[in-house]
Amino acid sequence: MPESPSSRPAWTLSASSPLRERDLVVVSNREPYVHSRTGDGIAVERSAGGLTTALDPVLRRLGGTWVAWGSGDADAAVADDGTVRVPPAEPAYDLERVFLAESTVEDYYYGYSNSTLWPLCHGDLGRIRSEPSHWPAYERANERFADAVVGSVEGDVDEGGAAPIVWIQDYHFALLPDRLRSRSGLPDAATIAQFWHVPWPSPDAVRVSPHARELLEGLLGNDLLGFHLPAYRRNFLETVDRLLPGASVDREAGIVRFEGSGSSETERTRVYARPIGIDVSSVRRAEPIEEPSSVFEAYDLDPARSLLLGVERLDYAKGIRERLRAFEHLLETEPRWRESVTHLMVAGPTRERIPEYRRYQRRVREQVAAINDRFGTDDWTPVRHVDAAVDWERLLALYRAADALVVSSRRDGLNLVAMEYVAANAGGTGTLVLSELAGASEILEGAIEINPYDVAGTAAAIDRALSLEIDEGDEADEADEADDPDEAQERLESLWESVRRHDVGEWVRSFDREVTALATDAGARGDAGAGWDSG
């Protein structure tokens, strides 16, 4: 996801908030700021991505430490013993970089994390690729991060500081919580928490992994474990119950008790659900440098034609090929859309060192070329593929220029692009076509939902979305209730209310409440363990 604006968040925390009173250590694979060498010296860039966009304002406000892989080629040059103060213009917190050998990066990140865990969690078991070197590298990387986390808090604890809160992010670190438990440098009173940003699959899918037990034991080193949706939470609890002998699972309360293999004490993990959301106020405050009309010139588009937008990485989980098949079917079966709509697809390459991704990206490009060869004319290109990420200002202009956005994910933990599109267009126009297999479909009310595997159904949904936007600008046919020009506005208003309710600030506050509940009798009984429920 392209970089979004950085500013202090509009949300607040209570005066007695644990996040205010205790040191916060965030752990992620991706770092929030990257230093790279250029022809003019060293440049710093803010990382793109929903996770870094969400958490950077938190640490700007609260201070603390962010531990992440130092991926920039100049990261080591600017760091003092691996640590640098960020953001550069207004330093507010420490970024502690973990430097990994290239072989470890290859096998831990591109290997186990993204060739095994990613397809496993997204239900694409046929794409799992495992080499003997992958798992040991994943273990080594988690050990390295455990050392870095302990090193970042030891001084504060020695000086009598409050026990820290360690907040681990995502699937790269399933082993890290348990590794931290075994470190003597981390105080017993420290809170270890983790948020799993991708789907948690069914127990039968997890069973495919020869390391299922180690993954579960690692995650149960957490005091607190969060997922986006109640469905993911239920899957995790069911997986533990079925695959981890000796674990005691209270599904209603969301509490797991387990005596780890390296401990004589029974660990207790509280499992909750709360979707991350976006920083709504930042999107609403942002004024695009570019006018929406400017994107038509930038991408050689005719403003008289409808604009269908897609924004994602070139990742098989995003269902890009399925969407292209549906768009081609639309042009086949509804000739009125030929030369009347352009599909602008912003989809940059990702994880190109993984063969499965290279193959997928090649096939997408071939598919785009085939559609354009079949239907294109001298003055109309049906599909425009922007084969790179775009900056936030350009993306915001695209959101506001598009008649409809299509999110066609085959599986998605949430999907923040859908939320950004809604926030950018609140009070205006625009229709969201959203995969029912994306987590966002559980919380966004008002989208036209699709099953991306249903080619004809997806084509019909796109037809519907584009027709609604045309009807918005035309006089309504009173006899045709299906084309009610108020429908598009009503849908967008419902979507906007959904996005507002699930702002990133509420995600942070819910984490704060869960940490507070850990120390209360109510928390011990699990009264708040279920967290958010989709109802």
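The values are calculated or read from the model by the stated rules, or taken from the named source; none is laboratory data. As the structure is a computational prediction, the values presented were derived from the model and not from experiment. Virtual Cβ from ideal backbone geometry, glycine too; neighbours counted across all protein chains shown.
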Evaluate segment 115-136: report whether one residue or more is under 30 Å from Ser184 (Cβ atoms) and in contact with a His (Cβ under 9 Å, 6 or more places away or on another chain). yes
Given Gly64, Gly111, which one is buried (at least 20 other Cβ atoms within 10 Å of the Cβ) and farther than 28 Å from Ile278 by Cα? Gly111
For Glu106, all conditions in the list (1) outside any helix (DSSP H, G or I); (2) more than 22 Å from Val25 (Cβ to Cβ) hold save one; what is the number of the exception? (1)
Candidates Arg325, Arg353, Arg321, Arg359, filtered to the one that is part of a helix (DSSP H, G or I) and exposed (fewer than 15 other Cβ atoms within 10 Å of the Cβ): Arg359
Look at Asp178 and say whether it is modelled with pLDDT of 95 or more and surrounded by fewer than 23 Cβ atoms within 10 Å (Cβ to Cβ). no
Check off (1) surrounded by fewer than 21 Cβ atoms within 10 Å (Cβ to Cβ); (2) in a strand (DSSP E or B); (3) touching a helix residue (DSSP H, G or I) at 6+ places or on another chain (Cβ under 9 Å) for Arg270 and give me the number that stays unchecked. (1)
Lone qualifier among Leu309, Leu243 - being surrounded by 19 or more Cβ atoms within 10 Å (Cβ to Cβ) and either in contact (Cβ under 8 Å) with a residue 40 or more places away in the chain or over 24 Å from the mean Cα position of the chain (by Cα) (or both): Leu309
Return yes or no: is Thr333 of a type in the set (Val, Ile, Thr), over 28 Å from Asp412 (Cα atoms) and in the same structural domain as Ser182 (by TED's automatic domain parsing)? no
Scanning for something surrounded by fewer than 21 Cβ atoms within 10 Å (Cβ to Cβ) and among the aromatic types (Phe, Trp, Tyr), does segment 377-387 turn up at least one residue? yes
Out of Glu436, Glu445, Glu449, Glu420, which single residue is buried (at least 24 other Cβ atoms within 10 Å of the Cβ) and either within 18 Å of Ser494 (Cβ to Cβ) or of a type in the set (A, V, I, L, M, F, W, C) (or both)? Glu420
If you go through segment 88-103, how many residues are in contact with a helix residue (DSSP H, G or I) (Cβ under 7 Å, 6 or more places away or on another chain) and touching a residue at least 40 places away in the same chain (Cβ under 8 Å)? 4
So for segment 386-405 (the condition being closer than 24 Å to Arg46 by Cα and touching a Lys or Arg at 6+ places or on another chain (Cβ under 7 Å)), does at least one residue qualify? no
It is to be established whether one or more residues within segment 200-217 are surrounded by 14 or more Cβ atoms within 10 Å (Cβ to Cβ), over 22 Å from Ala438 (Cβ atoms) and touching a strand residue (DSSP E or B) at 6+ places or on another chain (Cβ under 6 Å). no
Looking for whichever is of a type in the set (Val, Ile, Thr) and under 30 Å from Arg365 (Cβ atoms) here; the options are Val295, Val271. Which one fits? Val295
In segment 121-139, anything within 21 Å of Arg179 (Cβ to Cβ) and touching a helix residue (DSSP H, G or I) at 6+ places or on another chain (Cβ under 8 Å) is listed as Cys121, Ser133, His134, Trp135, Pro136, Ala137, Tyr138
Log entry, pairs with first residue in segment 179-208 being touching a residue at least 24 places away in the same chain (Cβ under 8 Å), second being hydroxyl-bearing (Ser, Thr, Tyr) and assigned to a helix (DSSP H, G or I), beta carbons closer than 7 Å, six or more apart or on different chains, reads Trp196/Tyr171; Val198/Tyr171; Pro199/Tyr232; Trp200/Tyr232; Pro203/Thr239; Val206/Thr239
Restricting to segment 286-311, count the residues that are part of a loop (DSSP other than H, G, I, E, B) and farther than 13 Å from Thr381 by Cα. 10
Any chance Thr52 is crowded, with 18+ Cβ neighbours inside 10 Å and under 19 Å from Ser152 (Cβ atoms): yes
